[in-house]
C-alpha cells in the first residue's frame, strides 16, 4: 500500500464516522413516531429513562439489519412473561450511556450485538462503541452486571468481532458478565438454536441471582389495540414511511429534488427504468435492474449496497390471512402501553397492509415461537404437538426448518389445514419480525452512472430440498422478476408467486420500489496504478462490473493515465449463466489490456469442475507478483465454501512463492485484511 492509499484510507475512516454520526443526528431530529421510543421526556440519559419508567431490567441491542433487534425483543418479552420483570428494550443508538453505572440496584443489562463488515459494530452503534472503549480506559462500570449475545457469521475472519470487542471493553471497565458469552452463528445456520441454548442457561442464572419466581408464560400485549371504522389520510396502507402518507411531508429543494436522509427509516421511492433477464437457461433466472435516483439527492459510491424494500407476495399474504382467520380490511391503531416501547410499523393501518408490507411472514420459524403459541392452540392435540416440537430441537429441525416452512405452512401442516383463528392478531404483531430491506451489491459505477443504480440478482426459486413441501422462494428477487416480466410485457402467469406492483395508494405505479443506499468500505484504491485482484463467482461479480466501469470512465476523462493490472477471476456454472458476457471484452479494449478476466465453469457436461480458487492456483506466479507489487484483493460472493476456498488458495500461493510456512502465510493474509488491502463483500 503506498502512502497515498494509507492517507486516503485514514480520511475515509474519519469520513465514514462523520457520515454515520450525521445521519444518526438527522434521524433523531426527523424521525416519526414509529422510529423511536414514543416518549422519554426528551432525555437520552439511560439511567434517568430507566428510573423515570420504573424499569428493573434493561435489554439493549445494536443491530445492522434487524436481527439483533428481533432477538433482543424476544428475550425482553420472555423475561417479562416468565418472571414479571419490568423490562425496557431499546436501540443503543437512541441513548447516551455516561450514567450506565448509575442504574438502579440489581438492574441487569442484557446486550445483543450484531457484527458488520470486518468485525465492526453496526452503523448506529458507533457512539456506543466509543463509550465502551472510553469506559474501559477508566474502569468506570464496576456496578454493571450484564449478559451478552453476539450475532455473527463464522465464515468471516472476524467472527462476532463486535460482541467480542464489547466483552473486552466491558470487563476492562469493571463490569461483570452473568453466564456464558453467547454467540449466534449465521454461517452454520444455527443462530436460533445458539440463542435458545444461551437463553436457557442465562435465565436459570438470572432466576437464582435475582431470586425470581417463575410462572407459566401468558401473552401480555405491549400495545393497546384500537379498531377504527374508516380510512383517513393519516392511515398507512403500506407506505414505507410516514413521509409518503397523504398527510406526510416530503422535503424538496428548489429544483424539486427530494431530500433525504435515506436509511432504514426513510427510503426513496425510485422507478426501475430498465430490467432484463441475464441467464439463458430455462430453469434459473437472474435479473439486471436499473433504478433511477435522479428525483432525489441520493448519492452512492462504487462498491456500495442498495437496499430494496420488498412486499410480500399475494399468495403468501392470502395464505397468512386465511391461516389465522384475519380480515385484511380491518382498520386499527396501536398505542404503546409502555412509553419506552416503539411502534412496530406505521399506524393506523389495516391488517392487510401490515401483513403485506411490514411483517416477515415467509421467514424461517424460530423454535421458541412454537413454545409461545402453545397457549393459543385450538385444541389439546395441537397443544401437545406444539409442545413436543418446541422442546425437541432435532424434531423441530427435521419437521420445520429442513422443510423451509414459514409459520403458516408449519401450523397448517400440524392442523391438517384447519385454521388457527384462536391466535390473537396482537400476538402476531409482536411475534413476527419486521420485513426488512434486502441488500444487493451495486453493479454500476458512480462515475459513469451518477443517477442510475444497477443491481444484479439471482432469483431464489427452487424445489424444496426435502423433495416435498413448498418451493423455496426469495421475497425480493421474485418481486424483481415479476417487475421485469410485466415491464417487458412478457407472460407472468407461470410465476410461482405474484405481487401487487401498484403499491399503497398506487405509490409504486410505474415500476417503483422504496430504496436506500448502504455505505460500504468496498472501494477501489485511489491510486489508479495500484494493481487490483478481484475474485467474484456468480453474482459476486456485480461490484467488479462497477469497478471496471469506474476505471473505463476514469481513463476516458483523464489524460496519460497509467493503470495497474486489474485481474478478475470469475466463475459460473456454465455458459448459460455467464453474466455480462458481451461486456467484458469491450472493457478490456477500452482499458488497453490493463484489464484481464479469467473465466471458469463448474458444471459443463463431461468436463471436470473448475472453481475460481483452482484458477487462482493456476495463475499463482501472477497473483503473487501482484500482491508483491501492492495489489488490493477483493472477494465477493458466497461466504461459505467460496470465500474460504479463495483464502486457502491465497495462503497456499503465498506459502509456496515466498517459501514460508502456512501459519506465516495466514498471518500475512490477516495483515492484508487489517490494513484494508484484502476486502470481502460476502454473504
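Of everything listed in (1) out of contact with any helix residue (DSSP H, G or I) (no Cβ under 7 Å at 6 or more places or on another chain); (2) under 27 Å from residue 428 (Cβ atoms), the single unmet condition for residue 278 is (2).
Being part of a loop (DSSP other than H, G, I, E, B) and modelled with pLDDT of 95 or more is the filter; apply it to segment 326-344 and report the residue that is surrounded by the most Cβ atoms within 10 Å (Cβ to Cβ). Across segment 326-344, the extreme among qualifying residues is 326. Taken over segment 538-567, residues that are within 24 Å of residue 682 (Cβ to Cβ) and assigned to a helix (DSSP H, G or I) amount to 14.
Screening residue 243 with (1) farther than 30 Å from residue 107 by Cβ; (2) not in a helix (DSSP H, G or I) gives one miss only, at (2). Among the residues of segment 265-277, those identified as in a loop (DSSP other than H, G, I, E, B) and crowded, with 21+ Cβ neighbours inside 10 Å are 266, 267.
Is there a residue in segment 510-532 that is modelled with pLDDT of 95 or more, touching a strand residue (DSSP E or B) at 6+ places or on another chain (Cβ under 9 Å) and within 26 Å of residue 602 (Cα to Cα)? Scanning segment 510-532, I find at least one residue that is modelled with pLDDT of 95 or more, touching a strand residue (DSSP E or B) at 6+ places or on another chain (Cβ under 9 Å) and within 26 Å of residue 602 (Cα to Cα), so the answer is yes. Residue 527 fulfils the conditions (1) in the same structural domain as residue 603 (by TED's automatic domain parsing); (2) surrounded by fewer than 18 Cβ atoms within 10 Å (Cβ to Cβ) except for a single criterion, (1).
Results for (1) touching a residue at least 40 places away in the same chain (Cβ under 8 Å); (2) under 30 Å from residue 543 (Cα atoms); (3) part of a helix (DSSP H, G or I); (4) not assigned by TED's automatic domain parsing to the domain that holds residue 558, shown as yes or no for each residue.
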| site | (1), (2), (3), (4) |
| --- | --- |
| 399 | no, no, yes, yes |
| 405 | yes, no, no, yes |
| 408 | yes, no, yes, yes |
| 411 | yes, no, yes, yes |
| 418 | yes, no, no, yes |
| 427 | yes, no, yes, yes |
| 445 | yes, yes, no, yes |
| 457 | yes, yes, no, yes |
| 478 | yes, yes, yes, yes |
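Counted as qualifying within segment 568-683 are the helices (runs of 4 or more DSSP H) with 1 or more residues that are more than 22 Å from residue 287 (Cα to Cα), modelled with pLDDT under 95 and out of contact with any strand residue (DSSP E or B) (no Cβ under 9 Å at 6 or more places or on another chain), namely 641-658, 662-675. Among the residues of segment 306-325, those identified as surrounded by fewer than 20 Cβ atoms within 10 Å (Cβ to Cβ) and more than 30 Å from residue 289 (Cβ to Cβ) are 322, 325.
The values are calculated or read from the model by the stated rules, or taken from the named source; none is laboratory data. It should be emphasised that the depicted structure is a prediction, and the values quoted were computed from it without experimental measurement. Neighbour counts run over all protein chains shown; Cβ positions are idealised from the backbone, glycine included.
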